[in-house]
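First the structure, in the form of structure tokens, and then the observations on it.
Nothing in this text is a laboratory measurement; each read-out follows from the coordinates by a stated rule. On a predicted model such as this, the values are computed, not experimentally measured, just so you know. All Cβ positions, even for glycine, are placed from backbone atoms using ideal geometry, and neighbour counts span all protein chains on display.
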Amino acid sequence: MALPFIRSKIVCTIGPASSDPETLDAMIAAGMDVVRINTSHGSHDEHRA
């Protein structure tokens, strides 16, 4: 049995302004399907967290 192919519809970029849990919860509730992490801002330690 083949699984249905579901396409991503809402791709969001996470950066310093959107990394807190409340903002992420709101983005998920709004329909976010995929997250892209913006690593051009912040340190390596911040991105590991």
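Couple of notes before you dig in:
- Counting all C-alpha pairs of the chain, share separated by more than 13 Å (%): 63 percent
- Cα-centred dipole magnitude for segment 5-49, charges only on beta-carbon of K, R (+1) and D, E (-1), debye, nearest 20: 320 debye
- The calculated 222 nm mean residue ellipticity attributable to helices in the chain amounts to -7000 deg cm²/dmol, summing -39500 (n - 2.57) over DSSP H runs of n ≥ 4 and dividing by all residues.
- Extension reserve of the residue 12-residue 26 stretch, reckoned as 0.36 nm per residue once the Cα distance is removed: 3.8 nm
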